[in-house]
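Here the structure is laid out as structure tokens; the discussion comes afterwards.
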Amino acid sequence: MSPQYYFDHAASAPRRDEVVDAMAPWSHGVVGNPSGSHRAARAARRAVEEARDEVAAFIGARASEVIFTGGGTESCHLGVVGVALHHRRHFDATSVVVSQVEHHAVLDAAATLSRDFPDVKVHYVSVDEDGVVDLDELAQLCSATTAVVSVMTANNETGVCQPLDAITSTVFAHVPGGAPVHTDAIAAAPWLHLPTVTATAGLVSICAHKIGGPVNSGALVVREGISLDALVPGGGQERGRRGGTVDVAAAVGLAAAVRATARDLTEVHERVTDLQLRLATAMAFLPGAKVTAVGALRLPGTVHVTFDGLASDELLFLLDQRGVAAAAAASCSSGAAQASHVLSAMGVAPERARGAVRLSMGAETTEADVDALILIVADVVRHLRAEG
């Protein structure tokens, strides 16, 4: 069997062995309902609350501020829609501000508000050519009606980081009384110290499978003093903010993933930063290639490249044939190829965006993996240009 090279960590990271081990006792046999009172229920509740403590420490929050969710999409949806609906019940006018380069979890949440509640206005903040939010425009879009502002910590396609402290300062300077800032920290979680970079955000979303945990497991931090409406009421779980029995195995798996990520963060960040430079430099020398957002601060694990005159689907097909797993843009549920809204917002020409490839690394990526990838990509590009 030919070697396999996994460069799609930004879509989903390989599940860690310690996560599997931690989840195993809660994946078969009697798993008590954490809301119950007998011994099995108490054991489940203790496991959930210990997991909550771990997640809180990873993000830099109080345990009481952590809501377990069924993944990152639900977390983002609850953070944006839940706050907006609560605001709408208490104020005469409501508006929501999101950046143009958000993940569809946020963009679709905002679109849902606009569709279902015509009195809720949604404003979209533009970005510069590197994908960084325009702070002056953000200031103009903030008003007394602003319920929540959502800007991701780092972009899931390009890896570009946003100036969260400046964003929250801008919001509080231009919204009378202030407004909570929600940040999708899902892409940033494997690479950045969240207690530092998300300290000023009122709501923070993470998910497990981007850091080696299980799918359908995530969390939303809601800082003290911020109110939201439960989108799934009933049962009173999660302090009434998200109904339904907490999945013990999912919570424990998320906790194991954040514990391992925090433990290895500094070493992995430094090592993969060197690999990113090695990979990006090599990609820049390929004919017709342009590394995206070289002028911006980016996550270590992502190298996003566009190839003029080539098509992403052809590139990815040939890479897959050579044992390389990569992606064109963000993963979507349908798997259908579509133009990247992120690159469009950055002003990337459609003909260049058509040849986008995202190469994303993780904790187990080695120098040998990167060197092999460089040779394979170079050969694939050379082959396609010779055919063209």
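Taking region 168-199 as the region of interest, how many residues are more than 18 Å from the chain's Cα centre (by Cα) and among the β-branched types (Val, Ile, Thr)?
The first filter runs over region 168-199 and keeps only residues more than 18 Å from the chain's Cα centre (by Cα), leaving 168-180.
Restricting the remaining residues to those that are among the β-branched types (Val, Ile, Thr) gives 168, 170-171, 175.
Number of matching residues: 4.
Hey, does region 276-283 have a residue that's touching an Asp or Glu at 6+ places or on another chain (Cβ under 7 Å) and not assigned by TED's automatic domain parsing to the domain that holds Ser126?
So in region 276-283, the residues touching an Asp or Glu at 6+ places or on another chain (Cβ under 7 Å) come out as none.
No, because not a single residue in region 276-283 is touching an Asp or Glu at 6+ places or on another chain (Cβ under 7 Å) and not assigned by TED's automatic domain parsing to the domain that holds Ser126.
Answer with yes or no whether Val268 is crowded, with 19+ Cβ neighbours inside 10 Å, closer than 14 Å to Ala189 by Cα and not assigned by TED's automatic domain parsing to the domain that holds Pro214.
Details: crowded, with 19+ Cβ neighbours inside 10 Å: yes; closer than 14 Å to Ala189 by Cα: yes; not assigned by TED's automatic domain parsing to the domain that holds Pro214: yes.
Criteria met by Val268.
Output the qualifying pairs, or none if there are none: Cβ atoms under 7 angstrom, residues six or more apart or on different chains, first residue in region 227-249 and touching a residue at least 24 places away in the same chain (Cβ under 8 Å) and closer than 23 Å to Val148 by Cβ, second residue surrounded by 17 or more Cβ atoms within 10 Å (Cβ to Cβ) and hydroxyl-bearing (Ser, Thr, Tyr).
Arg242/Thr69
Would you please list the contacts, defined by Cβ atoms under 8 Å and residues six or more apart or on different chains, that run from a residue in region 113-134 that is free of Cβ contacts under 8 Å to residues at least 60 places away in the same chain and outside the structural domain of Val149 (by TED's automatic domain parsing) to a residue that is exposed (fewer than 15 other Cβ atoms within 10 Å of the Cβ) and not in a strand (DSSP E or B)?
Note: no pairs meet the criteria.
For region 148-192, enumerate the residues that are surrounded by 24 or more Cβ atoms within 10 Å (Cβ to Cβ), touching a Lys or Arg at 6+ places or on another chain (Cβ under 9 Å) and of a type in the set (A, V, I, L, M, F, W, C).
Ala154, Val160, Ile186, Ala187, Ala189
The values are calculated or read from the model by the stated rules, or taken from the named source; none is laboratory data. The structure displayed is predicted, hence computed values, not measured ones. When we count neighbours, we look across all protein chains shown, and the Cβ atoms used for this are built from the backbone with ideal geometry, even at glycine.
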